[in-house]
Amino acid sequence: MLHKLNIAAALPLLLLLTSCQQEMATKGRTLPLEPSTFFKDGRSARPQPEGTVAQGQLHDNELLYSGMQGSRMSPTFPFAITRATIERGQDRYNIFCAPCHDKAGTGKGVVIPLGFEHGPETFHSPRMREAAPGYFYNVITNGFGIMNNYAAQIRPEDRWAIVAYVRALQLSQNANVSELSEADRQQLEKAGR
């Protein structure tokens, strides 16, 4: 009987405790960008201190993030190019670039007949073969002509991987036989027979 009495007494106390609210939960807060009388400028949101950088967004490698070396387009890559880099570049290229540039880089992608008056320039023209890697990086990052920028969709490292793959495409279509090793030349001759 005493046990039932304890439960009966505890029940109202339990209900009373669950109905309590902290005043702090409902008072003293402001909605984002809501005016405030607390600060002299009338804003509740405080400006970021000068020089503040979001975590993970300190872009202190100018070449990696801009494609520039000083005031000119970089003639080099910000990291060593490996087979894995080129394969990653091919994967990203096929997703983002091939619809307009096609898989061989000739500028005759599947979307060109669907309303573009002119397709993009082939990557195999002398002008494009002579362009610095930083130029391609800059175009991917900022866009060019009617091409949108891809800065939000493609990470900087992947943009460089795409540039490396474009260089591989250019080499595949414009290789000079005299630059091949003797073993590669012999293999090419055998394949041509």
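The values are calculated or read from the model by the stated rules, or taken from the named source; none is laboratory data. What you see is a predicted model, and the numbers here were worked out from it, not measured in a lab. Quick reminder, even Gly has a Cβ in these numbers, built from the backbone with ideal geometry, and neighbours come from all protein chains shown.
Observations on the model:
- Test result for Leu31, of a type outside the set (D, E, K, R), more than 28 Å from Gly109 (Cβ to Cβ) and modelled with pLDDT under 90: yes
- Restricting Glu50, Glu62, Glu23, Glu87 to those that are touching a strand residue (DSSP E or B) at 6+ places or on another chain (Cβ under 7 Å) and either of a type outside the set (Gly, Ala, Ser) or modelled with pLDDT under 85 (or both) reduces the list to Glu62.
- Flag for Thr76 being surrounded by 13 or more Cβ atoms within 10 Å (Cβ to Cβ), hydroxyl-bearing (Ser, Thr, Tyr), in contact with a helix residue (DSSP H, G or I) (Cβ under 9 Å, 6 or more places away or on another chain) and not in a helix (DSSP H, G or I): no
- When we screen Tyr135, Tyr165 for residues that are closer than 30 Å to Asn61 by Cα, in contact with a strand residue (DSSP E or B) (Cβ under 6 Å, 6 or more places away or on another chain), part of a helix (DSSP H, G or I) and not charged (D, E, K, R), the only hit is Tyr135.
- First in segment 159-184 and loosely packed, with under 12 Cβ neighbours inside 10 Å, second anywhere and assigned to a helix (DSSP H, G or I) and of a type in the set (S, T, N, Q), Cβ under 8 Å, 6 or more apart: none
- Residue check: Trp160 meets all listed conditions (1) more than 22 Å from the chain's Cα centre (by Cα); (2) assigned to a helix (DSSP H, G or I); (3) not aliphatic (A, V, I, L, M) but one, namely (1).
- Of all residues in segment 113-127 being closer than 18 Å to Tyr150 by Cβ and surrounded by 14 or more Cβ atoms within 10 Å (Cβ to Cβ), the one that is modelled with the highest pLDDT: Phe123
- Qualifying positions in segment 85-132 - part of a helix (DSSP H, G or I), more than 13 Å from Ala164 (Cα to Cα) and among the aliphatic types (A, V, I, L, M): Ile95, Ala98, Ile112, Leu114, Met128
- Extreme residue, surrounded by the most Cβ atoms within 10 Å (Cβ to Cβ), among residues of segment 79-112 that are among the hydroxyl-bearing types (Ser, Thr, Tyr) and without any contact (Cβ under 8 Å) to a residue 24 or more places away in the chain: Thr106
Residues checked against (1) closer than 16 Å to Gln170 by Cβ; (2) in contact with a helix residue (DSSP H, G or I) (Cβ under 9 Å, 6 or more places away or on another chain):
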residue	(1), (2)
Ser71	no, no
Ile86	yes, yes
Arg92	no, yes
Arg129	yes, yes
